[in-house]
Amino acid sequence: MHFNLEEQEQLAEFKAWWKQYGKLLIAAAVAISLAYSAYVGYGWWQQRQSMGASKLYETLLLSAQKQDIPGTLRAANDLQDQFSSTSYAGMSALVAAQVANASGDMVGAEKNLRWSVDNAKVDSHRDIARSRLVSLLIDKGDFPEAQKVAAVSVSKPFEALMLERRGDVELAQQKNPEARKFYQEAWDKLAKNPEAADEAKRLLKIKLDAVGGR
């Protein structure tokens with residue numbers, strides 16, 4: 001194939017440009033291709049994780065409804081081991097803890113609550129677990145640990161509840177002035193929240209009145 005002078009000059013310029021930038025261009029194309037493949041692969045992996053976790057969570061709920069305690073705890077453990085990156089794992093720990101507690105298995109209840117506190121991917125799951133763990137520790141009489149768990153910051157929707165739990169810890173030790181302080185702080189937050197449940201307000205008000213609050 002023959003090229004005229006102008007085409008030869010253009011070809012020479014292209015060869016020079018390719019020599020300078022060709023490798024960079026190829027590297028960029030490869031990087032984009034790899035990034036896209038990783039994105040697609042991660043999306044596929046997430047979908048598989050979610051589907052697997054969903055099915056296992058259904059198994060857990062069925063076991064809980066049948067009061068199959070070993071089955072419920074086993075399903076929760078499998079979810080935590082195999083699908084810890086999903087929200088189902090955090091929910092499973094809450095269900096398992098409730099079932100274990102109802103059966104008198106305080107060790108199993110605490111284990112699942114602590115797992116959710118440390119590993120749940122959803123803030124509300126962690127905060128609910130923390131609140132229930134404080135109550136469990138109060139029942140055990142482990143007040144120093146209960147105070148430690150209750151003192152950790154939580155998301156804004158759960159601040160009033162955690163203040164109430166801190167009051168519960170003090171009240172369990174018959175420290176009424178300290179309990180009143182936390183209950184009052186909790187009430188101040190809860191009373192300003194139009195979305196707060198009436199039952200939650202009623203129960204907190206009973207506690208506050210019991211320790212001489214206003």
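The values are calculated or read from the model by the stated rules, or taken from the named source; none is laboratory data. Given the structure is predicted, the values throughout are model-derived calculations rather than measurements. Cβ atoms come from the backbone with ideal geometry, glycine included; neighbour counts cover every protein chain shown.
Observations on the model:
- Beta carbons closer than 6 Å, at least 6 apart along the sequence or on distinct chains, pair a first residue in the stretch 63-84 that is modelled with pLDDT of 85 or more with a second that is not in a helix (DSSP H, G or I) and not charged (D, E, K, R) for I69/S103.
- Scanning the stretch 126-149 for residues that are within 24 Å of N77 (Cα to Cα) and not assigned by TED's automatic domain parsing to the domain that holds F182 yields a count of 13.
- Failed item, numbered, when E178 is tested on (1) surrounded by fewer than 21 Cβ atoms within 10 Å (Cβ to Cβ); (2) more than 29 Å from D198 (Cα to Cα): (2)
- So L171, is it modelled with pLDDT of 90 or more and crowded, with 21+ Cβ neighbours inside 10 Å: no
- Those helices (runs of 4 or more DSSP H) lying entirely in the stretch 65-135 with at least 2 residues within 25 Å of E170 (Cα to Cα) and of a type outside the set (F, W, Y): 87-102, 106-119
- The stretch 172-214, subset among the polar types (S, T, N, Q) and part of a loop (DSSP other than H, G, I, E, B), residue nearest to the chain's Cα centre (by Cα): N193
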